[in-house]
Amino acid sequence: MRPEVSFIFGGISTEYDSSVSSLLNVISVYLSLSKAERPFTVKNIHHVSQKGGNVTTLPFDEPFVIDDLNAIISSEGIRPRRTLVNAFEAMASCKEYVVNLLHGQFGEDGGAQTLAAVLGLKGTFGDPEVASLTMNKYAMSSFVSSLVPNDIVRIPKTILIKAKDKLEMVQFVNSFQGPVVVKPNSLGSSLLTERFDEPEAHREEVIALINEILEQDGAALLQEFVHGKEYSCGCIANSSDIVTLPVVEIKTNRGLFGRKEKSIEGMSDLSVVDDRNNNSIANRIKSVTRIIASTVDIYNAARFDFLVSSRSEIVFLECNYIPGMGKNSIFPKMLENHGMTVIDMIHWVYSNSKPFTRKRCLVRDKAA
């Protein structure tokens, strides 16, 4: 008997559109397969609204078409809605296995993971602590810095800026001699991310962007811009090992894989790096990816972004705990060159990944 899975997507974060794109591509690939080719059956699709965070459930009944999804996304028709907690409780009670396609806040920052762990909901949520760590770019960089020697992986000079630091912003900007990147600490999809080649000359613009970020995020990052080539390496995890996927080089005209490059077709070029040479950049990046993913305890899948400088230094940028699965996203391209579709990957994770189990709290008897 084939396994049965459900999907959850949408969400209250600024990455709502990325989540929708991921779900649409996954279901499109699934529908392109004959029933005999499908490695699992789909039970339900759960949509989390962007405004209120309430959940609408769409049973996956045959025949199913993409217009059915578009209807639930645009809230057409009358369907009952539940709160997130009630929806997660219902999924858990029905023993659904849920593929988490919620990106950004609540979806991959530990929120959904904590709720799933507390309620015993099975799926691809993973460890709440790991999700929280990887979503926090500054904390994750600090973790990698403590884990891997600087001569193997370097961390760019980075200053964490919070609302309380507003009086020191000019000093922070002036502390950088070369180009900088300003970006949110926890938002994804390169939202509000920009490069400034001469930060002092554009001080007012830099500070204005930092203030805009602080309206959406708890902290902003002022980070050294490293000239070089950008790469990404994904991985999938089973119960005992990390399987690294082909490394992808990301080429852009301005040397920054920003919001425009991710959202506008033709602004970036993705190419798989040949790793047949044992001394290649690809193999070094794969090795680093394996070290980080194994230590941080990735449960299902993740994607790690790096730069390689002109001196061949590997520079860590960030971890994507819930990689985008959209048609033109990086992770599906890695899977394709690994001989997998997104459907194959979901089935592989269902069959091979170790489930996250919440640790039981040890309560000592005071009288003992």
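Which pairs, out of LYS122/LYS157; LYS157/LYS251; LYS51/LYS183; LYS137/LYS333, put more than 30 Å between their alpha-carbon atoms? Write down the numbers at each step before the final one.
On the way: LYS122/LYS157 39 Å; LYS157/LYS251 23 Å; LYS51/LYS183 24 Å; LYS137/LYS333 24 Å.
Table pairs above 30 Å Cα-Cα are LYS122/LYS157.
Residue by residue, what Karplus-based ³J(HN,Hα) values in Hz, rounded to whole numbers, does segment 215-231 have, using 6.51, -1.76 and 1.60 with θ = phi - 60° and x for Gly and Pro?
My calculation for segment 215-231 gives 7, 10, 9, x, 7, 10, 10, 10, 10, 3, 8, 9, 6, x, 9, 9, 9 Hz in order.
Could you name the aspartates and glutamates in cross-link range of LYS43, using Cα to Cα under 19 Å and dropping any fewer than eight places away on the same chain?
GLU4, ASP61, GLU62, ASP67, ASP68, GLU89, GLU96, ASP344
Explain nothing, just the number: dipole magnitude of the chain about its Cα centre with +1 on each Lys and Arg Cβ and -1 on each Asp and Glu Cβ, in debye rounded to the nearest 20.
Numbers: 39 positive and 43 negative charges, 203 e Å.
Result for the chain is approximately 980 debye, rounded to the nearest 20.
Could you please state, rounded to a whole Å, how far the C-alpha centre of segment 156-185 is from the C-alpha centre of segment 10-29?
Cα centroid to Cα centroid, the span is 32 Å.
In terms of Cα to Cα distance under 19 Å, which aspartates and glutamates are near enough to LYS286, apart from those fewer than 8 places away along the same chain?
By straight Cα distance, LYS286 reaches ASP151, GLU230, ASP241, GLU249, ASP274, ASP275, ASP297, ASP305, GLU313, GLU318, GLU336.
Using θ = phi - 60° and the Karplus form 6.51 cos²θ - 1.76 cosθ + 1.60, what ³J(HN,Hα) does each residue of segment 314-324 get, whole Hz, x for Gly and Pro?
8, 10, 7, 10, 6, 10, 9, 6, 10, x, x
5 Å is the cut-off here: which amide hydrogens, built 1.01 Å from N in the peptide plane, fall below it relative to ILE250, excluding neighbours closer than 5 in sequence?
Here the answer is GLU230, TYR231, SER232, since their amide H atoms fall under 5 Å of that of ILE250.
Does segment 112-178 come out rounded, prolate or oblate by the C-alpha gyration tensor, with a ≥ b ≥ c the root eigenvalues, rounded set by a/c under 1.5 and, if not, prolate when a/b is larger than b/c and oblate if not?
Judged from the Cα gyration tensor, segment 112-178 comes out oblate (a/c at least 1.5, b/c at or above a/b).
Report the net charge of residues surrounding ILE292, where surrounding means a beta-carbon distance below 12 angstrom and charges are Lys +1, Arg +1, Asp -1, Glu -1.
Numbers: positive: LYS286, ARG290, ARG303; negative: ASP297, ASP305, GLU318.
Around ILE292, the surrounding residues sum to 0.
So which GluC sites (Glu not before Pro) in segment 48-145 end up in coil per DSSP with only 12 or fewer other C-beta atoms within 10 Å? All intermediate terms of the calculation are to be shown ahead of the outcome.
Numbers: sites: GLU76, GLU89, GLU96, GLU108, GLU129; in loops: GLU76, GLU96, GLU108.
For GluC sites (Glu not before Pro) across segment 48-145 that sit outside H, G, I, E and B with at most 12 neighbouring Cβ atoms in 10 Å, the list reads GLU76.
Before I look further, what does the chain give for accessible area per residue, probe 1.4 Å, in whole square angstrom?
Per-residue value: 48 Å².
Does segment 285-337 come out rounded, prolate or oblate by the C-alpha gyration tensor, with a ≥ b ≥ c the root eigenvalues, rounded set by a/c under 1.5 and, if not, prolate when a/b is larger than b/c and oblate if not?
The shape class here is oblate.
Taking θ as phi - 60°, what are the ³J(HN,Hα) couplings along segment 282-298 by the Karplus curve (6.51, -1.76, 1.60), each to the nearest whole Hz, with x for Gly and Pro?
4, 5, 5, 5, 4, 5, 5, 4, 4, 4, 5, 4, 5, 6, 6, 6, 5
Just to confirm the number: angle between the C-alpha axis of helix 16-32 and the first principal axis of the chain, 0 to 90 degrees, nearest 10?
50
5 Å is the cut-off here: which amide hydrogens, built 1.01 Å from N in the peptide plane, fall below it relative to LYS43, excluding neighbours closer than 5 in sequence?
VAL5, SER6
Accessible area of the chain with a 1.4 Å probe: how many percent of it is carbon plus sulfur? Write down the numbers at each step before the final one.
On the way: 8590 of 17560 Å².
Accessible surface attributable to carbon and sulfur in the chain totals 49 percent.
The values are calculated or read from the model by the stated rules, or taken from the named source; none is laboratory data. Keep in mind that what you see is a predicted model, and the values were worked out from it rather than measured. Backbone-built Cβ (ideal geometry, glycine too); neighbour counts: all protein chains shown. For accessibility, only protein heavy atoms count, side chains too; no ligands or nucleic acids. Shrake-Rupley method; radii C 1.70, N 1.55, O 1.52, S 1.80 Å.
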